[in-house]
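What follows draws every value from the coordinates through simple rules; no lab data is involved. A quick note: this is a predicted structure, and the numbers were derived from the prediction, not measured. Every residue, glycine as well, gets a Cβ built from its backbone with ideal geometry; the counts of neighbours run over all protein chains shown.
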């Protein structure tokens, strides 16, 4: 009982400041961020994965992919990097997103993958390193407003202050609903035959540390 109480106290101690600094971007802030991004051309944008089941990409991931397509179609980015390992299901999040992206019209030659990350903090850390190694210089994060706010705090302290942020403007996403589809994709192309769920490999406390960016493997993409 004492051990459980200690864990809960530790989580509250660490998580409370995190919650105050990671509130969602407001609608106005998202629109302002997009207006600024629309004046730029990025070499590549980073699109993080998210927990998913074995059936299909959830609405959060679909929104991130359609936002990436919008930025690509508008010429705001030249390339897209999808990030995410096989974490809670035996399918690589990055590969599933890439298959979806190709199916809705993003050229395969403009899609890059990062398949090591198991937490949002790792998505941005590993993807940035991978992108820099590939020779990309002007890099931006493209995700939903909540995750963007949280990751801005992390990446400014632990990755680089040069990464731009382009959180989803849901006003734009809603205007695209008439053309948004959920294509059938061959998810077996994203299957990890050696998969073991993170809940079986790691304790709750280790996963929590991962969420905070405390489990980074800095040798990846050296």
Of the residues in region 106-117, those that are crowded, with 18+ Cβ neighbours inside 10 Å and assigned to a loop (DSSP other than H, G, I, E, B) come to 106, 115, 116, 117
Search region 170-181 for residues that are at positive phi and in contact (Cβ under 8 Å) with a residue 24 or more places away in the chain and pair each with any residue that is in a helix (DSSP H, G or I) and exposed (fewer than 14 other Cβ atoms within 10 Å of the Cβ) when their beta-carbon atoms are under 9 Å apart and the residues are at least 6 apart or on different chains. none
Quickly run through region 196-222 and pick out the residues that are within 19 Å of residue 124 (Cα to Cα) and assigned to a loop (DSSP other than H, G, I, E, B). 212, 213, 214, 215, 216, 217, 218, 219, 220, 221, 222
Tell me which residues, restricted to region 147-172, are over 17 Å from residue 76 (Cα atoms) and in a loop (DSSP other than H, G, I, E, B). 159, 160, 161
Considering region 190-211, residues that are touching a residue at least 40 places away in the same chain (Cβ under 8 Å) and more than 26 Å from residue 65 (Cβ to Cβ), and then whichever is surrounded by the most Cβ atoms within 10 Å (Cβ to Cβ), we arrive at 208
Which condition from (1) surrounded by fewer than 16 Cβ atoms within 10 Å (Cβ to Cβ); (2) more than 18 Å from residue 73 (Cα to Cα) is the one that residue 175 breaks? (2)
Quick test of your reading of the structure: residue 103 fulfils all but one of (1) surrounded by fewer than 17 Cβ atoms within 10 Å (Cβ to Cβ); (2) more than 13 Å from residue 65 (Cα to Cα); (3) out of contact with any helix residue (DSSP H, G or I) (no Cβ under 7 Å at 6 or more places or on another chain). Name the failing condition by number. (2)
When every residue in region 128-144 that is part of a helix (DSSP H, G or I) and closer than 19 Å to residue 40 by Cβ is compared, the one farthest from the chain's Cα centre (by Cα) is 132
Failed item, numbered, when residue 187 is tested on (1) touching a helix residue (DSSP H, G or I) at 6+ places or on another chain (Cβ under 7 Å); (2) surrounded by fewer than 18 Cβ atoms within 10 Å (Cβ to Cβ); (3) more than 14 Å from residue 120 (Cβ to Cβ): (2)
